[in-house]
Structures are given as C-alpha cells and as structure tokens.
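The values are calculated or read from the model by the stated rules, or taken from the named source; none is laboratory data. Just so it is clear, the structure is predicted and the values come from calculations on it, not from any experiment. Reconstructed Cβ throughout: ideal geometry from the backbone, glycine too, with neighbour counts over all protein chains shown. Heavy atoms of the whole protein, side chains included, go into the accessibility calculation; ligands, DNA and RNA do not. Shrake-Rupley method; radii C 1.70, N 1.55, O 1.52, S 1.80 Å.
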Amino acid sequence: MAIKFLAEDDRPREKFLQKGKSSLSDSELLAIIMGSGNREENALELARKILASVNNSWHQLSLLSAKDLMKFKGIGVTKAISIISALEIGKRKTVQEIPEKTLIGNSSDAYFILQNQLSDLRTEEFWAIFLNNSNKVIHVSKLTQGGISQSIVDVRILYKTALDHFSTGIIIAHNHPSGSLKPSREDINITQKIKEAGNTLSIQLLDHIIVTQDSYFSFSDSGLL
C-alpha cells in the first residue's frame, strides 16, 4: 500500500520499512516512539509541536521530565516514559561506543568521553576515568549522585576502583547544572584532597573536569592541579 493512503500515525512506520531508518526526520522518529497523537493532532503533528518547544534539539528534549512532557495534550505517563527511555538508550549507546583503551591526550579528550553523561543533568553527578600508565582508558564509572559535597566521603571508593583496575592515573569530573564553569571553593578543596590521597597510593590525579551543557572547565589547563 502506498504511504499516502495510510493513516497519518502509520506513515512514519511504513516509511521506515520502505526507505530505512535514516530516511526519517526527527519528528517522524518521535512520532514512532509515541505511537499516536490526540484528538486534534496526529502523532506526527504532536511530535513536531514537542520538538519545536525545545528548538528541535534532542539534547533539550532530554532535559524534560515526565511531568514536563505530560503538559502536552495526548502525552500520558506511558508515552512520557517511552520518550525518556528512548533518549536514555541513546545516551547509554554512546557510552558503550567508547573504544577500549582510548588514549587521553588532553582535557578535550576527557570531555568527549564525559559530555554525554554529564551535560544534560539537573543534579550533580561525580564520575571518574581510570587510565593505565600510557594514559589509555581502562574504566569509566559514576561514583556519586546528588552533589559534589558528597564526593569527599567516597575518596576511598574512588581509589579502591582505581586499584581494582590497576589504574595509575585518574581524571575526575562533575557537572554544574547551573551552567557556571567557575569552580567553587568546595570543588577546589575536594580536588586537593583527592590529589593528596592519590600521591600516597602513587596514583596520579591528571585532571578535574567541570561539565556544563555546552562547555567544560579543566583544572589542569587552568593550573589548579
């Protein structure tokens, strides 16, 4: 059956089958995730409206909560969860695509690994990249969630993880949901404590990266290590 004879909500799916996934627009992909629209709008029209509200940015869409999405007529709990889950899958896929033993040569290399994990969060998280003596990545993990002030109690966990992976260097990172790239006094103090603990274990703290939605700050580049 030709696509033009199908119901509006079925057309993106048929296009997917006939022309492949890369042929679909962003609104068509979102329409497939939602499955249907509302009484006044089909799925494609509703998808266009939702994407227009975030300037057609998947990144901005990922910042919306289920409650935010449910403000759109036709989006209930199930559809909101489906949309958020699809975006989370894409985020996790990016992590799995980090090549094993990627070489970290500078702060931008570290930022590239961490930006998809930290740039779109509304609360602070603390992550670490663990490296071997050739500065190649051997492990990446989230250590705390909810605020950098909580991170100091996990210095032991940080270095236990480093020892478990035979790491000789680490790069720590956390995000600033406020968008500010300026390190706080607490950020500086915690960085120094982590560095001192690493010196005792002969594990070098190579950098501390602060991540915002579209940029980053490097303690190493700024001479704060």
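Yes or no, residue by residue, for (1) among the hydrophobic types (A, V, I, L, M, F, W, C); (2) touching a residue at least 60 places away in the same chain (Cβ under 8 Å); (3) open to solvent by 60 Å² or more (accessible area, probe 1.4 Å):
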site	(1), (2), (3)
Ala162	yes, no, no
His165	no, no, yes
Ile170	yes, no, no
Leu206	yes, yes, no
Ser220	no, yes, no
Leu224	yes, no, yes
Point to revise | Residue match in segment 143-152 (condition: within 20 Å of Tyr111 (Cβ to Cβ), in contact with a His (Cβ under 7 Å, 6 or more places away or on another chain) and of a type in the set (Val, Ile, Thr)) | key: yes
Check your understanding: Quick one: which of Phe166, Phe217, Phe126 is of a type in the set (A, V, I, L, M, F, W, C) and part of a loop (DSSP other than H, G, I, E, B)?
Key -> Phe166
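Can you tell me which residue among Leu44, Leu24, Leu17, Leu29 is open to solvent by 70 Å² or more (accessible area, probe 1.4 Å), at negative phi and of a type in the set (A, V, I, L, M)?
Numbers: Leu44 fails: open to solvent by 70 Å² or more (accessible area, probe 1.4 Å); Leu24 fails: open to solvent by 70 Å² or more (accessible area, probe 1.4 Å); Leu29 fails: open to solvent by 70 Å² or more (accessible area, probe 1.4 Å).
It is Leu17.
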Practice item. Please work out which one of (1) surrounded by 13 or more Cβ atoms within 10 Å (Cβ to Cβ); (2) out of contact with any Phe, Trp or Tyr (no Cβ under 9 Å at 6 or more places or on another chain) is the condition Arg185 fails and give its number. Key: (1)
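Condition check ((1) of a type outside the set (Phe, Trp, Tyr); (2) assigned to a helix (DSSP H, G or I)) across all residues:
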position: Ala47; (1), (2): yes, yes
position: Ile50; (1), (2): yes, yes
position: Phe72; (1), (2): no, no
position: Ile75; (1), (2): yes, no
